[in-house]
Structures are given as C-alpha cells and as structure tokens.
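Below: the structure, in structure tokens.
Coordinate-derived values only; no laboratory data. Keep in mind the model is a prediction, meaning the values are calculated, not measured. Cβ placement follows ideal geometry from the backbone for every residue including glycine, while neighbour counts extend to all protein chains displayed.
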Ligand code: GLC
C-alpha cells in the first residue's frame with residue numbers, strides 16, 4: 001500500500017509540475033508574441049543589436065531610448081541602472097536590455113581557470129564556481145555570462161586552451177553541463193542566476209597550428225563525435241544562449257553556417273534560446289572572403305540563423321534594405337527577435353530589470369573564498385614526488401624562489417578583468433598570513449616569467465641557507481588566453497636556468513608551476529624532486545598551494561589534457577586513432593641509431609626519432625600522497641545486446657598511511673567500426689575518498705547506448721562488435737577486460 005501511495009504521489013507531483021511548466025510556457029509564448037506584434041521593424045532590429053561601451057552614457061541612453069540596442073556587453077556595472085531606466089522607462093515599448101559580461105571563471109572571487117577546474121575531475125568544482133560567479137554578478141546587474149567555453153582543445157600552443165575544459169569530449173560534457181547548472185541555478189529569474197552562453201560554436205580549438213583565429217579543418221565525423229557533443233550535453237542541461245566561433249571550418253565561417261545554426265542546433269537539438277555572434281565575427285566574414293560587404297554579411301548571418309550581432313551593427317544598417325529586395329524576410333527577423341525576447345522573459349527582466357543597489361553584497365564572502373580555495377586545491381595536479389619529498393615538514397626552513405611566488409595579478413589567469421589582484425592570496429602572502437609559523441626565506445631570483453636576468457646570486461644564497469627550495473615558475477597571465485598563442489611552450493625567460501642554478505646547491509627542489517596551459521617541462525624534471533602543477537589557480541591559489549605543499553590537503557587533480565614532451569609532438573592526445581602502423585613498444589633512442597643504419601632498420605611505424613611515441617604525462621594522470629592499488633576487475637556480462645548494459649567494477653585500495661581522493665576512470669575501445677575508432681575513450685569517472693588502508697569497490701554502469709557514435713553513414717548508433725574496457729588511474733594504464741555487443 002505504502003509503495004502504491006509513494007508512486008501515486010510521485011506521479012501526481014510529476015504531472016502537476018509538467019502542467020505548471022506547460023502553463024508557464026504558454027504564458028511566455030503569449031507574452032513574447034504579443035510584444036513582437038507591437039514592435040516596429042526598427043525596434044526588432046534594435047533587439048538584435050549588441051554593443052559595447054564605445055561612447056558616453058548620455059549618447060548610449062539616447063540610442064537605447066530609440067530602441068536601437070537590445071544588449072550591452074562588458075559595461076561599467078555602476079551605469080547599468082541608469083541605462084536600463086532609459087530602456088524600460090523612456091523607450092516606446094520599455095523592453096529591458098540584457099547585460100552580458102565575460103564572467104569566465106569568477107566575477108570578483110576568481111576561481112581556477114576552466115582548464116584547472118576540469119583537472120579536478122569533480123563536477124561540483126565548476127558548478128560551485130559558476131554558482132559563486134552568478135551570485136556575485138547578478139547582484140551587479142550582469143544577467144548573462146559568455147561561458148562556459150566548450151572548445152575541445154588538443155593543442156597547448158593555442159592560448160585559449162586556458163579557458164577550455166581540455167581534450168576530452170566526455171569530461172568537457174560533464175564539466176560544461178555542471179557550469180550551466182551553476183550559472184543558471186533553479187530558475188533564470190532568480191536573483192543569483194545568470195544565462196549561460198555556450199562558446200565558441202564550433203571547433204575553434206582545432207585552429208591550425210594552434211594559432212588563434214586560424215582556420216580549422218574538422219571533418220564531419222570528428223565534428224559529430226568529438227567537437228559537437230559537449231555543446232549538445234550543455235543544451236540538454238538547459239543552456240540559454242550560444243556564441244558562434246571566429247574560425248572558418250572547411251572554408252565556412254561559423255557565423256554564417258546554417259548547417260550548424262539551423263540543422264544541428266534547431267532541427268536536431270530543438271534549442272529554443274538565442275545565438276549571439278562573437279565580437280565582429282559576422283563582419284569578419286568579409287575578411288574570410290565569405291561575404292562581399294556588410295549587407296552580404298547581414299544576409300548570410302540572418303539566413304544562417306544568427307539572432308544577435310555582437311558589435312558589428314550590420315543588422316541595424318542593412319536588414320531593412322534586404323527585406324525590401326526580398327533577400328531576407330520579416331519572418332526571419334521575427335524568429336530571431338522571439339528567441340531573444342524568450343530569454344529576456346525567462347531572466348525575469350520584464351518584471352525586475354534593475355539592480356537592487358541596497359542589496360548586501362556577496363562579493364568575496366567567506367563562503368565564496370572557501371569554495372575558491374577548495375577549487376584550487378582540487379585543481380592542482382601532482383606530477384612528480386621523488387622520495388616523497390612532499391608534503392614538506394612544517395619544521396623545515398623553506399627557500400621561496402621564482403617569479404610566480406608573489407604574482408598577484410598573474411595568478412588570476414586570463415579573463416579575470418573584474419578580479420582584484422589586491423585580494424589575491426599568493427603563495428608568499430599565504431606564508432605571511434595563515435602559514436606564518438613556517439620558517440622561510442624569499443628571494444624571487446626573477447621578477448616576472450619573461451625576465452631575462454641571470455643574476456641568481458641572492459636566490460642561491462637563500463637556498464643554501466634553507467633545507468628545501470620551492471621554486472614557483474610558469475607564465476604571466478597575458479601569455480595565455482585569447483590571441484596569445486605560443487610556438488614554444490618551454491618555461492619562458494630564464495626560469496629553467498634558475499631551476500638548474502638552484503639545483504646546483506644540492507638542496508632538494510620542489511617546482512610549483514602556475515601557468516595557463518600544459519608547458520613542455522621535460523627538460524626541467526631532472527633538476528627537481530617534485531612538481532605540483534596549477535593552472536592559474538585564482539584568488540585563493542596561494543593558500544591552496546600551501547595546503548597541498550604542507551599536507552593539509554592531499555593532491556587529487558588529474559590532467560584534463562595531454563602534456564607533450566616537445567611542442568613538435570602536437571597534436572598528441574590520448575583518444576587518437578590507432579593508424580595502420582602504430583608505434584610498437586621498442587623505439588630506438590636517436591643517439592643509439594648506428595651510423596649508416598639501413599633504411600628500414602628502425603621499423604616503419606608512427607613515432608618521432610627524437611621524442612618517441614609517448615607524451616610526457618598522459619591524459620588523466622595525477623599523483624597523490626596516498627598510494628592507490630587497483631585490483632579485481634569484474635564485468636557483470638561479457639556479452640550485451642545493443643540496448644543492454646553491464647556493470648564494470650574493481651577494488652581500489654589506499655595502501656598508504658594517508659587519507660586521499662582518487663579519480664577512478666573508465667575507458668573503452670571499440671575494436672572495429674564502420675570508421676576507425678579511438679584507441680581509448682573516457683566513458684566514466686568517479687572521485688572517491690579512501691582513508692588510509694581503506695578499500696572500496698567502485699562500480700560503473702555502462703549502457704551500450706553510451707558506445708553509440710556517428711559511423712560511416714553519419715547515423716548515431718551502437719555498432720555491434722568487440723570492445724575492450726579499462727578501469728584505471730589514467731589513460732595510459734589500467735585493469736583491462738573485454739566484452740561483446742551483439
Ligand atoms: C571575445 C571572445 C569571446 C568573448 C567576446 C566578448 O573576442 O572571443 O570569447 O566572450 O569577445 O568579450
């Protein structure tokens with residue numbers, strides 16, 4: 001009887017909520033269509049126009065009163081109410097503006113850059129970060145963020161890898177959806193929610209040569225199986241908007257690509273939010289050689305399905321003429337305007353357009369700072385720890401060396417222009433505050449990452465006076481991010497020379513990297529005993545690093561992107577195809593190749609003579625102060641139907657004396673497909689906590705449908721056949737099994 005009541009109650013709850021949602025949708029539809037019916041064509045074109053603060057407030061208000069602007073981006077939050085009043089009180093229809101901003105990894109409280117958040121392999125980290133960002137932003141009147149960035153990136157030369165969630169579509173899907181949930185909360189109209197914007201749609205991270213804005217050449221199968229899935233998952237999570245990317249893919253700029261914006265986004269994914277261009281990405285179609293002039297830009301973009309134009313104003317100035325000549329229709333305009341009004345409605349802007357200037361600010365609240373610190377702890381990756389030099393003894397005298405030990409601005413990373421560097425807790429500041437009992441001496445040796453100085457005398461003396469050296473190296477924030485690609489990703493300036501000089505003292509050396517991308521650090525490894533890698537860890541990064549160095553926290557991060565040995569190995573990523581000549585285990589070290597070696601003596605397979613076939617560190621790699629042993633892989637079935645599933649489980653034991661967290665990863669390989677399939681694909685991960693000596697059985701439920709992909713016929717389906725499966729600690733090893741899909 002009890003079960004009957006429970007299921008009946010559940011059914012009624014679900015039914016009533018569906019009815020309520022349908023009622024809400026109807027009200028929304030009636031409202032926006034009624035408003036549209038009262039708009040002039042000029043007012044419609046105004047809604048499709050987003051501009052930035054390129055004039056005085058008065059002249060901006062005048063344009064707003066005339067209905068020429070629907071959205072503003074990156075304006076001074078202190079001006080929002082005044083300009084919003086011009087829209088709501090002084091324009092003919094009182095349609096509120098939607099105010100957008102690049103709140104990528106925090107508004108004031110800055111979290112680790114997204115690449116770092118992905119390294120946590122804990123969706124709560126990006127969800128919390130986005131929640132904090134939305135809370136701090138919405139109270140300032142910023143209701144729309146241009147995040148999450150979901151560009152899959154397999155190229156560390158590309159500066160915007162910093163903003164990405166790494167090289168894997170599954171990880172990016174999970175983390176991107178978590179960010180959408182964090183930004184958008186329960187309801188877009190809540191006073192701590194903001195509309196997410198999935199960017200950059202699509203394929204921007206595949207820029208040829210890793211050079212930003214460069215062309216991409218992503219074939220349709222890779223597009224369908226790697227680059228599009230994170231966007232689809234984030235839309236399923238309810239994302240309100242998307243932004244098109246700068247790149248042309250196979251010659252078609254995304255801002256004019258109707259296959260993407262109509263066929264995929266609207267017809268297949270049923271997306272009902274709106275699409276905004278990137279900054280002048282529409283008018284740049286002239287530079288691309290894809291549009292003749294601005295009128296052509298407006299025609300191509302509107303026909304392709306672009307709803308809102310960021311900063312290039314071709315819609316405002318050309319659509320009326322295009323309608324007159326029949327190149328586009330009022331219906332095209334109406335569809336775009338309805339998409340925009342729909343999101344403004346859902347944001348509650350029609351009822352509540354203004355900033356409550358009396359609100360008690362949540363900016364830098366203790367709770368926000370605590371979450372930022374925890375995020376930085378979980379985002380750090382321990383890459384080396386020879387002789388367990390870490391964690392450091394609290395009684396040791398530490399020499400704090402390097403240009404990144406007290407880099408308050410750079411620690412915040414790219415896209416943090418609202419962060420206040422005076423609030424940054426650098427590693428040095430952490431030692432001057434919470435860790436003031438530590439006995440340390442500070443000599444940077446270099447004043448900034450690009451410093452060319454070779455005067456390390458003071459730094460060496462400091463190290464000689466200490467028990468251990470901790471060298472903070474990496475990148476200033478300006479060296480990654482948009483338009484900041486590098487062709488050489490070694491430690492810049494004289495940082496490697498500084499490390500060598502410190503090592504010459506004979507003291508143990510810990511290298512702490514604070515950077516915006518995976519750097520090629522192989523040449524530095526022989527001179528250091530431990531490496532803790534931080535992707536620009538944000539406001540609380542210094543405390544998080546000290547928490548980890550002194551063992552208050554145990555590192556748990558895993559690499560969301562492959563670390564190559566040489567920049568010349570790029571692109572190198574774990575989920576690659578096998579090729580017809582995969583490199584074998586034996587690779588000749590170049591110096592051992594005999595002179596006049598016969599042509600085929602080295603084996604005709606896929607590797608580099610000088611850097612072999614493997615990266616420095618693989619995707620999913622990360623050490624801990626604990627030791628985790630994997631054993632006893634079991635599959636609930638070795639044969640499943642195409643609509644079936646199996647349970648894969650293994651026992652994970654913490655064999656150390658230190659409690660710690662481990663990211664247990666599930667990989668599969670589809671051995672034969674209608675197109676060649678990757679040698680490994682991440683299909684699950686679980687971050688578990690194990691006390692010293694504790695064992696836990698970790699189970700993954702693998703549904704055959706999770707193995708579906710777009711095959712030769714471009715139809716997404718499960719293809720029967722043989723599969724391999726791993727439960728592992730990274731993408732390069734693990735407990736291996738096999739199963740068949742019938
Ligand atoms: C930039 C970036 C985009 C950003 C937009 C607004 O050029 O490509 O990511 O959101 O312009 O600042």
Please find the FRET efficiency linking residue 292 to residue 25, where r is the Cβ-Cβ separation and R0 is fixed at 51 Å, and quote it to the nearest 0.05. 0.80
Which shape class applies to region 471-555: rounded if a/c is under 1.5, otherwise prolate when a/b exceeds b/c and oblate if not, where a ≥ b ≥ c are the square roots of the Cα gyration tensor eigenvalues? oblate
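For an R0 of 45 angstrom, estimate the FRET efficiency from the Cβ-Cβ distance between residue 335 and residue 211 and round to the nearest 0.05.
Details: r = 36 Å, r/R0 = 0.79.
Calculated transfer efficiency: 0.80.
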For the residue pair residue 602 and residue 269, what label-to-label distance in nm results when each label sits 7 Å from Cα along the Cα-to-beta-carbon direction? 4.3 nm
Using alpha carbons only, how many degrees (0 to 90, rounded to 10) separate the axis of helix 2-37 from the longest principal axis of the chain? 60 degrees
Region 210-261 versus region 115-144: alpha-carbon centroid distance in Å: 23 Å
Descending principal axes extents, region 628-741, alpha-carbon based, whole Å: 53, 23, 17
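Give me the number: length gained by fully extending residue 659 to residue 41, i.e. 0.36 nm times residue separation minus the C-alpha to C-alpha distance, one decimal in nm.
Result: 216.0 nm gained on full extension.
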On Cα atoms only, tilt of 294-304 relative to the major axis of the chain in degrees: 80 degrees
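Classify region 366-549 as rounded, prolate or oblate, taking a ≥ b ≥ c as the square roots of the eigenvalues of its Cα gyration tensor: rounded when a/c is under 1.5, otherwise prolate if a/b is larger than b/c and oblate if not.
On the way: a/c = 1.56, a/b = 1.14, b/c = 1.37.
In terms of gyration-tensor shape, oblate.
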Between the helical axis of 314-324 and the dominant principal axis of the chain, each derived from Cα atoms, what acute angle in degrees is found, rounded to the nearest 10? 40 degrees
Size-normalised alpha-carbon gyration radius of region 387-441, reference 2.2 N^0.38 Å: 1.33
Share of Cα-Cα pairs in the chain beyond 48 Å, in percent? 20 percent
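Per residue, how big is the convex hull around the C-alpha atoms of region 511-661? Give it to me in cubic angstrom, could you?
So the per-residue Cα hull volume is 203 Å³.
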Could you tell me the calculated FRET efficiency between residue 636 and residue 712, based on Cβ-Cβ distance and R0 = 22 angstrom, to the nearest 0.05? 0.10
Ranked from highest to lowest mean number of other Cβ atoms within 10 Å per residue, what is the order of the peptides 523-533, 634-644, 114-124? 114-124, 523-533, 634-644
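Would you list 37, 245 from fewest to most Cβ contacts within 10 Å?
37, 245
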For a quick check: sort 19, 363 by the number of other beta carbons within 10 angstrom, fewest at the front. 19, 363
Under the 7 Å Cα-to-Cβ spin-label approximation, residue 370 and residue 591 lie apart by a distance in nanometres of 5.4 nm
Once label points are set 7 Å from the Cα along Cα→Cβ at both residue 576 and residue 387, what is their separation, rounded to one decimal in nm? 3.5 nm
Relative packing of 448-459, 268-279, 463-474, 583-594, which averages over residues the other C-beta atoms within 10 Å, highest first: 463-474, 268-279, 448-459, 583-594
Cα centroid separation - region 582-617 against region 428-460, whole Å: 42 Å
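Using Cα-Cα distances under 8 Å and only pairs 6 or more residues apart, what relative contact order does region 596-742 have, in percent?
Relative CO of region 596-742 lands at 28 percent.
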If I take every Cα pair under 8 Å that is 6 or more residues apart in the chain, average their sequence separation and divide by the length, what percent do I get for the relative contact order? 13 percent
So residue 56 and residue 1, fully extended at 0.36 nm per residue minus their Cα-Cα distance, gain in nm 12.9 nm
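Please state the relative contact order of region 186-291 as a whole percent: Cα pairs under 8 Å, 6+ residues apart?
Taking the mean separation of contacting Cα pairs over the length of region 186-291, I get 28 percent.
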Could you sort 610-616, 167-173 so that the peptide with the highest average Cβ count within 10 Å comes first and the rest follow in order? 167-173, 610-616
Residue exposure sequence - 200, 409 - by fewest surrounding Cβ within 10 Å: 409, 200
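Just from its helices, what would the mean residue ellipticity at 222 nm be for the chain, if runs of 4 or more DSSP H residues each count -39500 (n - 2.57) and the sum is divided by every residue, rounded to the nearest 500 deg cm²/dmol?
Only helices count here, giving -8000 deg cm²/dmol.
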